[in-house]
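Everything below concerns the one structure shown next.
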Amino acid sequence: MLTQVVPRTVVNNLVVAVLFGVVVPYVKGIEYLDLFLLIPYSLLSLFFVVPIVVDAVFAQPNRGIPLTALYRAVLTGWFTGVLVLWMGIGTVSIRVGRLVAPPVAVGLSLAVFSLFACLFIAALSAWTANHAPDSPTAKGRLRIGFLLILVTFFALPRLVNEDTLVHFLQYLTPEGIVRATLFLVPLESLGAVLLLSRTPRR
């Protein structure tokens with residue numbers, strides 16, 4: 001089982017890292033540092049967290065999830081996502097011939113927001129896996145959820161009126177990202193606690 005799963009997971013992760021850490025940033029160039037791209041990029045970590053947590057749940061005889069496995073998934077997924085993000089920044093820097101990076105406040109806010117988002121998604125993945133008949137079904141449900149969120153995020157500017165769009169765009173600034181992070185992190189933490197309280201733990 002391990003020999004079947006691990007190589008496929010490693011290959012998938014490498015493909016994602018090369019595509020989003022090298023190819024897309026190289027094509028986008030300096031536009032890669034636009035917050036409209038950096039925000040979804042900071043959430044790439046979630047895609048690495050989900051399979052680790054779901055596989056950990058189904059590896060248990062009676063479902064549930066060891067909390068150590070959940071925290072390991074959070075840290076592994078978060079570190080991998082941050083690494084891909086900074087690979088992109090390195091790729092853009094090489095292309096333009098100088099070091100370019102988002103402001104420190106933006107980088108820290110995105111990292112903190114991503115970390116707590118990973119915690120929430122890990123808890124959601126554990127809860128979903130415990131209510132799904134098998135691993136592929138659980139992963140499929142979560143992927144559909146991610147896809148709907150991404151479609152909504154990128155379609156939002158075309159769907160809302162001008163006043164609402166202006167209100168939304170105020171968060172695509174360094175100051176707005178900091179405020180949004182301070183608001184969203186407690187919500188992510190509360191959501192994770194509520195989900196874990198309803199998920200068997202071992």
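The values are calculated or read from the model by the stated rules, or taken from the named source; none is laboratory data. Remember, it's a predicted structure, so these values are computed and weren't measured experimentally. Neighbour counts are summed over all protein chains in view; Cβ atoms, including those assigned to glycine, are modelled from backbone coordinates with ideal geometry. Heavy atoms of the whole protein, side chains included, go into the accessibility calculation; ligands, DNA and RNA do not. Shrake-Rupley method; radii C 1.70, N 1.55, O 1.52, S 1.80 Å.
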Residue within the stretch 80-96 that is of a type in the set (D, E, K, R), out of contact with any helix residue (DSSP H, G or I) (no Cβ under 9 Å at 6 or more places or on another chain) and farther than 17 Å from ALA17 by Cα present: no
Criterion violated by ALA59 - all others in (1) modelled with pLDDT of 85 or more; (2) among the small types (Gly, Ala, Ser); (3) more than 24 Å from ILE149 (Cβ to Cβ) satisfied: (1)
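Okay, residues lined up against (1) more than 26 Å from PRO186 (Cα to Cα); (2) among the small types (Gly, Ala, Ser); (3) in contact (Cβ under 8 Å) with a residue 12 or more places away in the chain:
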{"site": "PRO66", "(1), (2), (3)": "no, no, yes"}
{"site": "VAL84", "(1), (2), (3)": "no, no, yes"}
{"site": "ILE89", "(1), (2), (3)": "yes, no, yes"}
{"site": "LEU108", "(1), (2), (3)": "no, no, no"}
{"site": "ALA122", "(1), (2), (3)": "no, yes, yes"}
{"site": "SER135", "(1), (2), (3)": "yes, yes, yes"}
{"site": "VAL151", "(1), (2), (3)": "no, no, no"}
Candidate set from the stretch 20-55 (those that are of a type in the set (A, V, I, L, M) and free of Cβ contacts under 8 Å to residues at least 24 places away in the same chain); member that is least open to solvent (accessible area, probe 1.4 Å): LEU37
Among (1) within 23 Å of LEU142 (Cβ to Cβ); (2) touching a Pro at 6+ places or on another chain (Cβ under 9 Å) - the single one MET87 does not satisfy: (1)
Selected residue [under 21 Å from PRO174 (Cβ atoms) and touching a helix residue (DSSP H, G or I) at 6+ places or on another chain (Cβ under 6 Å)] from LEU124, LEU115, LEU108: LEU115
Residues located in the stretch 96-110, provided they are assigned to a helix (DSSP H, G or I) and surrounded by fewer than 16 Cβ atoms within 10 Å (Cβ to Cβ): VAL96, VAL104, ALA105, LEU108
Residue count for the stretch 167-200, restricted to those that are in a loop (DSSP other than H, G, I, E, B) and not charged (D, E, K, R): 6
